[in-house]
Structure formats: structure tokens, C-alpha cells
Amino acid sequence: MTPTFIPSFGSLVERLRERDDRWEARALAQRAAERFPDNPDAWMLLGQAWLAVYRHQEALASFEQALVLDERPDAALAAGVIYRRSGQFPEAAARFARAYAAGGGPAALLQNAEALFEAGDVKAAEQALSLWAEQVPDGESQATAVRAKLGASRRAG
């Protein structure tokens, strides 16, 4: 009988986090990833556990491994956020685009547009923002507000 990843790993990790035992939660998530190396859920759990102990590069490696195994919007979004926070805007934009393609919805597209803008690719950012505006209620007025925010951050930064 082949062992399968069971939700109890996630439940145990969550309980440990609730007790503020984040390092033990990380260790348990590590064991899950070692026991089920072909399961993207195990790698997502490990990535989230690494984030809980403020180890972003290790979390990124876990989310990227989840993406190797399965084209998951949550893994691509998580990786994109880490890339963006570290100032790697082209990589962030690529992960957000990947999240959108995997079914991440308009939120992934908006993050893609913002990362593209931060990367300096204003034309691609505008294309992504226009596509996003078509998918959300009152999109054009929201896009105008996003453009203003991005422009202000560029002038300030």
C-alpha cells in the first residue's frame, strides 16, 4: 500500500502554529515534504511553515518545488509575493502571470500588472491592467486608481 498525503499533516501544523510553536510546525511540514516528495500539497505546507519562521528563501524554494510538481495558482502567487518583496520584479511578474494562467483569477492579473510596472515594463503592465479591468466590476475606474497609485509610488521611490 502506497502512503498518501493526508490532511492531518496540515491540521497538526496549524495546531502547532496556534500554540506559537512555529519551528516545530516547520519541522513537521519538513517531514511531510520528505515523506511525500511528489505531493505539491506537502511542499505548499512546507513553504507556509517556512514563511511562519520568516525564512523567505526556503519558503520560495518550497513553493517553486510545488510548481514543478503541479501548475498551482496558490504556489505561483506565493512565489510571486516573495520575489516582489525581494525586489525581483521580473520574476514576480512571471509567477503572477503563471498564477493567472493556472486559474488564479483577476487578483493574479492585478499583481502581475503591478510587478511589471515595478520592473519598468510599463507597456506590458498597461496591457495586464487593461485585461484586469475587463474582468472586475467597475474595472476602468479601479484601473485609473491603480495607475495613480503606481505612478505615485514610482515618483516617491
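Throughout, read-outs are computed from the coordinates displayed, never taken from laboratory work. Please read all numbers here as calculations on a predicted model, not as lab measurements. Neighbour counts are summed over all protein chains in view; Cβ atoms, including those assigned to glycine, are modelled from backbone coordinates with ideal geometry.
Of the residues Ala108, Ala25, Ala61, the one that moves most in a GNM of the chain with alpha-carbon contacts below 10 Å is Ala61. Rounded if a/c is under 1.5, else prolate if a/b is larger than b/c, else oblate: which is the stretch 1-70, with a ≥ b ≥ c the root eigenvalues of its Cα gyration tensor? Oblate shape, in that a/c is at least 1.5 and b/c is the bigger or equal ratio. For the pair Arg35 and Ser11, label points projected 7 Å from Cα toward Cβ lie 1.4 nm apart. Charging the Cβ of each Asp and Glu at -1 and of each Lys and Arg at +1, and nothing else, the dipole of the stretch 1-70 about its Cα centre rounds to 200 debye.
Summing Cβ point charges (Lys, Arg +1; Asp, Glu -1) relative to the Cα centre of the chain gives a dipole of roughly 440 debye.
Please label the shape of the chain as rounded, prolate or oblate, based on the square roots a ≥ b ≥ c of the eigenvalues of the alpha-carbon gyration tensor (a/c under 1.5 means rounded; beyond that, a/b larger than b/c means prolate, else oblate). Cα axes put the chain in the prolate bin.
For the stretch 42-109, what class follows from the C-alpha gyration tensor (a ≥ b ≥ c being the square roots of its eigenvalues): rounded when a/c is under 1.5, otherwise prolate if a/b is larger than b/c, else oblate? Here the stretch 42-109 falls in the oblate category. Think of the chain as a dipole: +1 on every Lys or Arg Cβ, -1 on every Asp or Glu Cβ, centred on the Cα centre; then among Leu60, Ile6, Ser86, Ser86 lies furthest on the positive end. GNM remark for the chain: springs join alpha carbons under 10 Å apart, and the peak mean-square fluctuation among Trp23, Trp132, Trp43 falls on Trp23.
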